[in-house]
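Engineer: This is the structure I have questions about; it appears just below.
The values are calculated or read from the model by the stated rules, or taken from the named source; none is laboratory data. Since this is a predicted model, take the numbers as computed values, not measurements. Counting neighbours? That spans all protein chains shown, and the Cβs are built from the backbone with ideal geometry, glycine included. Note: areas computed on protein heavy atoms with side chains; ligands, DNA, RNA excluded. Shrake-Rupley method; radii C 1.70, N 1.55, O 1.52, S 1.80 Å.
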Amino acid sequence: MSSITFFHRLSSAFRDNQSHLKLVLLCTAVSGGGLWAYGESVAPEEAVTEKKKVVVLGTGWAATSFMKNLNNPKYEIQVVSPRNYFAFTPLLPSVTCGTVEARSIVEPVRNIFKKKVDVQFSEAECFKIDAENRKVYCRSSVNNNLDGKEEFVVDYDYLIVAVGANVNTFNTPGVTENCHFLKEVEDAQKIRRTVIDCFERANLPDVSEDEKKRILHFAIVGGGPTGVEFAASLHDFVNEDLVRLYPGIKDLVKITLLEAGNHILGMFDKRITAFAEDKFRRDGIDVKTGSMVVKVSEKEISTKELKNGEIKTIPYGMAVWSTGIGTRPFIKDFMAQIGQASRRALATDEWLRVEGCNNVYALGDCATINQRKVMEDIVAIFKKADKDNSGTLTVIQFQEVMKDICERYPQVELYLKNKQMGNIADLLKEAKGDDKKESIELNIEELKTALSKVDSQMKFLPATAQVASQQGTYLAKCFNRMEECEKNPEGPLRFRGEGHHRFKPFRYKHLGQFAPLGGEQTAAQLPGDWVSIGHSSQWLWYSVYASKQVSWRTRALVVSDWTRRFIFGRDSSSI
């Protein structure tokens, strides 16, 4: 057989069996019409596992924290958000007064994506979620629309909803038309321009004295952390920088803080609340508690005094509304679709999974964890602990499942801590009245009595950046270990089923909170009920906020802005 005929047959064999041949090496040596050939047959390559598609809605604290901590390359990530950056929102009050520049607190989201995870970003907003068909309907803005398609659909295997929330106006007339909000970078920039504009208008020669007083009256509605920090920042801006530039009108400036409750900073320790109210009064900030805003017109705010029901009218030049959060419209539609129409936010279980949707997760301000009550599962808990089916539980039997109970129901641990009880035996003894803890035996009714007050310790998590960030980190770790935990669950015992839950439930760890009060003084409430107020807390605030920046770039920019302010003062330009 000639060399050419043999080569032709070998090539045909290669084409017919190419799925079974990984490498064919042909080396020919023509010597006396001879041909030498070598072929190696190996097993077929393993099929590449198809990546699961994860769609993330939002680029706020929860979404960004999730993206920073996700490192499993087996996911294909699609991020959809109307803004292509992450904003460090706790510093927005500083942006309003020029202490920090807007660009210093934002980081493009493409800089945050993990390199080893396949991530695509679309600058668009979601307007509909179809959980049944696993589709997300999105709409690009006109400015970004290049191909004529304003709407598009994204399929998903897992959906993570982290879109934050709107400002809650409580349907108060005139708020949307006449008030400034403080939730986005654009809001802070608009407030900054308006403050300067108010001073420039009041400085015009033909403006009457009364009109100047109205223009320079800054009203802040809401005595929470955002409203208080903005009032303090505005006071410092006016008294440290603007009074030197506008000496003729400095005595006409007035700042009023309106709060419907009895005190400002109601979520803080009473010592902080008292100090803040006293300091604001000394600084000349008018704090009006028990005043509920009922109407906002172009130049006046109407309030109702809760003590006597009296209606008062306050003229103002600029009003900032900071009273809470509300649900976004498409989230309301999604809630109605899944049977949660009566709730204020998406209800999730302790694993951040939206109730009624196995493959949809919700984090941050748009969601709330619906912590399961102990009393709903008390019968199942009793049966799990009663391994010998005796109808009674001993302390030892109950302690065997105590760790799982505290993981699954954190209110149990809180109850024991508040009652200063060492362990569950103390709680059972209190219910039974037996002197010997080990000898205590309870039936199902006695166990119900012992745990009857435990669920009173359940609390909703606050809508803060700290909570959202921890939720994003937690969920990313769950996705990183998804396959591993399918085989080896690490969660607590299933009281209403067999085996264990895949993951441990989300547990929020409070790391403290700050309330800047102006004049380089800050109130800090740290874990362990430790309260610190003064200049030392201000430097702690600087350190924490610098360290929490998402990149070294923003960290350097923020620190340089603070340094610039100390040396040159705040920028008073209206841009």
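Engineer: How many residues, within the stretch 461-477, are touching a residue at least 60 places away in the same chain (Cβ under 8 Å) and out of contact with any Ser or Thr (no Cβ under 8 Å at 6 or more places or on another chain)?
Structural biologist: Final tally of qualifying residues: 6.
Engineer: Ok, one more. Can you tell which of V395, V412 is under 16 Å from E350 (Cα atoms) and free of Cβ contacts under 8 Å to residues at least 60 places away in the same chain?
Structural biologist: The unique qualifying residue is V412.
Engineer: Now for a separate question. Residue pairs, Cβ under 6 Å, 6 or more apart or interchain, first in the stretch 365-390 and farther than 30 Å from L57 by Cα, second part of a loop (DSSP other than H, G, I, E, B) and open to solvent by 60 Å² or more (accessible area, probe 1.4 Å). List them.
Structural biologist: A380/R496
Conditions (1) closer than 23 Å to G58 by Cβ; (2) modelled with pLDDT under 95; (3) open to solvent by 40 Å² or more (accessible area, probe 1.4 Å); (4) touching a Gly at 6+ places or on another chain (Cβ under 7 Å), marked per residue:
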position: I264; (1), (2), (3), (4): no, no, no, yes
position: K304; (1), (2), (3), (4): no, no, yes, no
position: V354; (1), (2), (3), (4): yes, no, no, no
position: V360; (1), (2), (3), (4): yes, no, no, no
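One line per residue, one yes/no per condition, for (1) under 29 Å from the mean Cα position of the chain (by Cα); (2) modelled with pLDDT under 95; (3) not in a helix (DSSP H, G or I):
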position	(1), (2), (3)
R201	no, no, no
F218	no, no, yes
A232	yes, no, no
D251	no, yes, no
I255	no, no, yes
F275	yes, no, no
R282	no, no, no
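Engineer: Being touching a Lys or Arg at 6+ places or on another chain (Cβ under 7 Å) and in contact (Cβ under 8 Å) with a residue 60 or more places away in the chain is the requirement here; does N71 meet it?
Structural biologist: Yes: the conditions hold for N71.
Engineer: Give the stretch 528-550 a look and list any residue that's among the polar types (S, T, N, Q) and exposed (fewer than 14 other Cβ atoms within 10 Å of the Cβ), or say none.
Structural biologist: Of everything in the stretch 528-550, those that are among the polar types (S, T, N, Q) and exposed (fewer than 14 other Cβ atoms within 10 Å of the Cβ) turn out to be S536, S543, S547.
Engineer: Okay, moving on. Suppose we keep only residues that are more than 21 Å from the chain's Cα centre (by Cα) and among the acidic types (D, E) within the stretch 101-134. Which one would you say is surrounded by the fewest Cβ atoms within 10 Å (Cβ to Cβ)?
Structural biologist: The extreme case among them is E132.
Engineer: Can I ask one more? Please enumerate the residues belonging to the stretch 240-262 that are touching a residue at least 24 places away in the same chain (Cβ under 8 Å), open to solvent by less than 40 Å² (accessible area, probe 1.4 Å) and not hydroxyl-bearing (S, T, Y).
Structural biologist: D241, L242, I249, L252, V253, I255, L257, L258, E259, G261
Engineer: Which residue, of F230, F237, F280, F268, is in contact with a Ser or Thr (Cβ under 7 Å, 6 or more places away or on another chain) and closer than 19 Å to L517 by Cα?
Structural biologist: Matching residue, one of F230, F237, F280, F268: F230.
Engineer: Any residue at all in the stretch 478-493 that is surrounded by fewer than 16 Cβ atoms within 10 Å (Cβ to Cβ), farther than 30 Å from L159 by Cβ and in contact (Cβ under 8 Å) with a residue 12 or more places away in the chain?
Structural biologist: No, the stretch 478-493 has no match at all.
Engineer: Let me ask something else about it. Just for the stretch 553-575: of the residues that are under 28 Å from the mean Cα position of the chain (by Cα) and either hydroxyl-bearing (S, T, Y) or at pLDDT below 95 (or both), which one is least open to solvent (accessible area, probe 1.4 Å)?
Structural biologist: Restricting to residues being under 28 Å from the mean Cα position of the chain (by Cα) and either hydroxyl-bearing (S, T, Y) or at pLDDT below 95 (or both), the top hit is T554.
Engineer: Taking V296 as meeting all but one of (1) touching a Gly at 6+ places or on another chain (Cβ under 7 Å); (2) surrounded by fewer than 20 Cβ atoms within 10 Å (Cβ to Cβ), write down the number of the exception.
Structural biologist: (2)
Engineer: It is to be established whether one or more residues within the stretch 202-223 are in contact with a His (Cβ under 9 Å, 6 or more places away or on another chain) and crowded, with 19+ Cβ neighbours inside 10 Å.
Structural biologist: yes
Engineer: On to the next question. Specify the residue that is nearest to R507 (Cα to Cα); the eligible residues are those in the stretch 347-364 that are without any contact (Cβ under 8 Å) to a residue 24 or more places away in the chain and in contact with a Ser or Thr (Cβ under 8 Å, 6 or more places away or on another chain).
Structural biologist: T348
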